[in-house]
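Novice: Let me begin by handing over the structure; questions about it come next.
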Amino acid sequence: MTNLHNLTVADLRKAVAIKEKIEALQSELNSVAGADDGVAEAPAPRRRKRRHMSAAARARIGAAQRARWAKARKTSRASARAAAPAKKKRKVSAAARAKLSAIARARWARVKAAGESKL
């Protein structure tokens, strides 16, 4: 398609004349073909109707899904309990914790003394 801003007045007049000829020929063709209004349109595509689900059906589906999840959780919990015995959490004594924090404070003191803000 050409840019209409760059056309001269004579070119624009020629384009309008050609467009009018095309429209005249189109209306003549439509009259021969038997179209009523002169414009032949394609029929609009039919849209599918959306299907609606009743509240009862939604409730049944939801209940079935909740039952499936409950069953899955029950079997996964039972198998997890049977598979691995519970490990006791290891605890650090207060003295060991104090020693670790003193080491960390000393490390940060060295870093800050070097003028840095990261380890």
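Novice: Looking at residue 21, is it more than 29 Å from the chain's Cα centre (by Cα) and either at positive phi or modelled with pLDDT of 90 or more (or both)?
Specialist: yes
Novice: Which residue, of 67, 102, 78, 82, is hydrophobic (A, V, I, L, M, F, W, C), part of a helix (DSSP H, G or I) and exposed (fewer than 10 other Cβ atoms within 10 Å of the Cβ)?
Specialist: Within the list 67, 102, 78, 82, the selection yields 82.
The values are calculated or read from the model by the stated rules, or taken from the named source; none is laboratory data. All values derive from a computational prediction rather than experimental measurement. Here the Cβ is made from the backbone with ideal geometry for all residues, glycine too, and neighbour counts use every protein chain on show.
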